[in-house]
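Worksheet: one structure, shown below.
The values are calculated or read from the model by the stated rules, or taken from the named source; none is laboratory data. The model shown is predicted, which means the values in this text are computed figures rather than measured ones. Here the Cβ positions follow ideal geometry from the backbone for every residue, glycine too, while neighbour counts run over all protein chains shown.
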Amino acid sequence: MQVMDFETDEDSKSIKHSTLVDINGVPLLSAMINGWDPIWNFKARPDDLLICTYPKAGTTWIQEIVDMIQHGGDLQKCARAPIHERMPFIDLYYSKFNLSGVEEANAMASPRTLKSHLPVQLLPPSFWEQKSKIIYVARNAKDNVVSYFHFHRMALAMPEPGTWEEFLENFMAGKVTWGSWFDHVRGWWEAKDHHPILYLFYEDMKKNPGQEIQKVAEFLDVQLPESVLNQIFQHTEFECMKANPMTNYTMMPSIFLDHTISPFMRKGTVGNWKEHFTVAQSERLDDLCAQLLKGSGLTFRTEL
Ligand code: A3P
């Protein structure tokens, strides 16, 4: 099973950018090909909670909110390990570094909270069979693609992003890791009609965090006093999470994430896209959203 998935430099201390491969019609990291069978056959449990997002939609933010809710706002408990260790990322498969999200999850006692970026059609079927709860966070396409571009620059195992113009073209064509943003947000939106899925929006979380935290608590059947909800709100504010080594990804080895290129906790805003998009690019993406989300009832705010 020890397949060299990512090309490494001679000293094995640094990694080269990955390439994309097609897995059932979705572009995914080449490394995942060898790990795909265990991912697809993953055994979900009825009391699992899955946090699912398109990459850069606010995954880490909702993860910390969920962990805080699950631990009654206990800061020490939530500082027990970096966020990527607290909640296994089931899509992760990187044999050279012995990383397997499935193996991490299998070794974890219930109840587990797991993370995935898989589009709905690639979700391991056991999640549907076990009726495990799922929280999905969606973010408007413009801020999402800007964040994804900067993440590609600093996440050294991701495919090379090229220029902003090139990356945006690939994003609009669905030729980026984890596939089409349009299919992703729409597929999960439709899935919530037949599965226990709480579908949240990054923009709502920015606009009214207290209300969205309360929604999550209700979905998890947890009742918390106002004081604890306030504490969760404060602890999960952008500046707080940016300064917290357990949430800002600085504990991940720098061969994977180079924060000197672009920090993981970058801006944390709605509307940063305006500093990247030309008017023509913005109009094209608006048109695509109108076309590809038509009839779904799904709408996004690109400013607050
Ligand atoms: P930006 O690059 O726009 O700043 P993910 O966790 O899915 O990888 O998403 C990362 C994005 O969410 C980054 O967006 C990051 O700054 C933002 N983010 C993380 N924590 C946040 C918080 N507490 N509040 C607002 N945005 C947050």
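Data overview
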quantity: The stretch 75-96, residues that are basic (Lys, Arg) and either under 17 Å from residue 62 (Cα atoms) or at pLDDT 95 or above (or both); calculated: 77, 80, 86
quantity: Residue satisfying condition, being more than 12 Å from residue 247 (Cα to Cα), in contact (Cβ under 8 Å) with a residue 60 or more places away in the chain and within 14 Å of the ligand (Cβ to nearest atom), within set 44, 57; calculated: 57
quantity: Any helices (runs of 4 or more DSSP H) falling wholly within the stretch 63-148 and containing at least 3 residues that are away from the ligand (no atom under 16 Å from the Cβ), of a type in the set (Ser, Thr, Tyr) and surrounded by fewer than 20 Cβ atoms within 10 Å (Cβ to Cβ); calculated: none
quantity: Of all residues making up the stretch 199-219, the number that are crowded, with 18+ Cβ neighbours inside 10 Å and either away from the ligand (no atom under 16 Å from the Cβ) or part of a helix (DSSP H, G or I) (or both); calculated: 10
quantity: Conditions (1) surrounded by 13 or more Cβ atoms within 10 Å (Cβ to Cβ); (2) away from the ligand (no atom under 16 Å from the Cβ): number failed by residue 194; calculated: (1)
quantity: Matching entry among 33, 51 (being touching a residue at least 40 places away in the same chain (Cβ under 8 Å) and either surrounded by 15 or more Cβ atoms within 10 Å (Cβ to Cβ) or at positive phi (or both)); calculated: 51
quantity: Residues of the stretch 233-280 classified as more than 8 Å from the ligand (Cβ to nearest atom), closer than 19 Å to residue 84 by Cα and in contact with an Asp or Glu (Cβ under 9 Å, 6 or more places away or on another chain), total; calculated: 4
